[in-house]
Amino acid sequence: MTTSSAPGKVYLFGEHAVVYGEPAVPCAIERRARVSVEPRDDHRVRVEADELTLDGFTVEWGGDTDEQPDVDVPSNLVEAATGYVDEALGQARDALDDPEAGFDVTIESDIPLGGGLGSSAAVVVAAIDAAVRSRGESIDPEELADRAYQAESTVQGGEASRADTYCSAMGGAVRVEGDDTRPIEAPELPLVIGYDGGAGDTGELVAGVRALKDEYEFAADTVETIGDLTREGEQLLAEADPGEEPSPVLLDELGDLMDFNHGLLSALGVSSRSLDRMVWSAREAEAEGAKLTGAGGGGCIVALDRTQATRRALEYSPGCEQAFRAELATEGVRAEE
Ligand code: PMV
């Protein structure tokens, strides 16, 4: 059995706008997906998942059957999960130059599925890495990030940026602008996450923003403004000393940009009542700033607060199912014992 893990992420700035070539700054967090792979003697694939939100299911496909998996969880979640794993294994077969390779795959994840913390990217990154290594080969993180992006992009019908997959493969904070991807330095930020227990439909949300942007010039301007504030945020991070505690001034300025970013995402129609409620709970608890993270529609918000106040306020906020502090994951994909 070969096991790899990869981290989830939050967007400090720039989701959605990144789809149109603006920069984004995601940041990996210490919540991981672990994927274990065992090569098979036949061409089949068997997937067992013990996900936070999938609650345990097993499906088998490939060979000469085209049966639909018979499982007791919402079919869209199963389809999404199996779709991502199938594409990831396709990339692994391609890297191994063995189009017929079969695998037994086990997924464990403590990243909420579809909640904006990059669960699918983490599963895809860890699955490709574990499948390649299970056959005694290795793959470098840049190639892995590219293959994971190809897999995600296929599942999402071409509407994906490199942000999630690159961040999960590399760890730390990264900047992504079109095909230009690079790690950046960032101090350890006091990140607090609120999760409403739900999930948005990334494809639908991205399509909604595209439609608005095509129809209204001011929506296109909003996307560009997100790009501008992301550049401003990057500049602040670049000026900070990554080895030092972030200064109160830095947190205050980053927080203002996060607040602004949330407002613009909300204007583009990708927030929700529960995300707005959590953002307001964080602001009322005097977080430095708060915004939704990821595609939106439901899922998670990220706030900056050095004190315990935001986490506590979120715990009592209606609609917030879980609140937790997230540490920066400096390591991206890694081999596990
Ligand atoms: O919700 P997530 O973690 O899948 O993030 C989606 C981010 C988008 O910018 C909306 C789409 C993308 O692929 O960048």
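The values are calculated or read from the model by the stated rules, or taken from the named source; none is laboratory data. All values reported here derive from a predicted model rather than from experimental measurement. Every residue, glycine among them, receives a Cβ derived from its backbone with ideal geometry; neighbour counts consider all protein chains shown. Protein only, heavy atoms only, side chains kept; ligands, DNA and RNA dropped before computing areas. Shrake-Rupley method; radii C 1.70, N 1.55, O 1.52, S 1.80 Å.
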- prompt: Would you pick out the residues in segment 114-123 that are out of contact with any Asp or Glu (no Cβ under 6 Å at 6 or more places or on another chain) and open to solvent by less than 30 Å² (accessible area, probe 1.4 Å)?
  reply: G115, G116, L117, S119, S120, A122, V123
message: I'm trying to understand the selection: among the residues of segment 9-48, which are in a strand (DSSP E or B), within 16 Å of the ligand (Cβ to nearest atom) and farther than 21 Å from G289 by Cα?
response: R31, R32, A33
task: Could you check, for segment 82-103, whether at least one of its residues is under 20 Å from R334 (Cα atoms), within 17 Å of the chain's Cα centre (by Cα) and among the aromatic types (F, W, Y)?
output: yes
- request: Among the residues of segment 134-165, write down those that are open to solvent by 60 Å² or more (accessible area, probe 1.4 Å), hydroxyl-bearing (S, T, Y) and over 24 Å from E38 (Cβ atoms).
  value: T154
query: Looking at (1) away from the ligand (no atom under 12 Å from the Cβ); (2) open to solvent by less than 70 Å² (accessible area, probe 1.4 Å); (3) in contact (Cβ under 8 Å) with a residue 24 or more places away in the chain, which is the only condition A220 fails?
result: (3)
task: Please name all residue pairs, on different chains or six or more residues apart, with Cβ atoms under 7 Å, provided the first residue is in segment 190-207 and is closer than 11 Å to L117 by Cβ and open to solvent by 30 Å² or more (accessible area, probe 1.4 Å) and the second residue is within 9 Å of the ligand (Cβ to nearest atom) and small (G, A, S).
output: A199/G114; A199/G115; A199/G299
query: For segment 60-112, which residues satisfy the criterion of being modelled with pLDDT under 85, within 10 Å of V45 (Cβ to Cβ) and either open to solvent by 60 Å² or more (accessible area, probe 1.4 Å) or not hydroxyl-bearing (S, T, Y) (or both)?
result: E60, W61, G62, G63
- request: Return the pairs, sorted by first residue and then second, in which the second residue is of a type in the set (D, E, K, R) and part of a strand (DSSP E or B), the first residue lies in segment 175-188 and is within 16 Å of I29 (Cβ to Cβ) and open to solvent by 30 Å² or more (accessible area, probe 1.4 Å), the beta carbons are less than 9 Å apart, and the residues are 6+ apart or on different chains.
  value: P183/R175; I184/R175
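Considering only segment 229-261, state which residues are assigned to a loop (DSSP other than H, G, I, E, B) and open to solvent by less than 30 Å² (accessible area, probe 1.4 Å). Reasoning before the result, please.
First, the residues of segment 229-261 that are assigned to a loop (DSSP other than H, G, I, E, B): 240-247.
Hits for segment 229-261 are A240, P246.
For segment 262-327, list the strands (runs of 3 or more DSSP E) that sit wholly inside it and hold at least 1 residues that are in contact with a Lys or Arg (Cβ under 7 Å, 6 or more places away or on another chain) and open to solvent by 20 Å² or more (accessible area, probe 1.4 Å); which are they?
Values: elements: 289-292, 300-304, 322-326.
The qualifying strands (runs of 3 or more DSSP E) are 322-326.
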- request: Answer yes or no as to whether S168 is open to solvent by less than 10 Å² (accessible area, probe 1.4 Å), in contact (Cβ under 8 Å) with a residue 60 or more places away in the chain, within 13 Å of the ligand (Cβ to nearest atom) and under 18 Å from A121 (Cα atoms).
  value: yes
- prompt: Going by the structure shown, is C320 touching a helix residue (DSSP H, G or I) at 6+ places or on another chain (Cβ under 7 Å) and farther than 30 Å from I139 by Cα?
  reply: yes
query: Would it be correct to say that L275 is of a type outside the set (K, R), at pLDDT below 95 and under 20 Å from the mean Cα position of the chain (by Cα)?
result: no
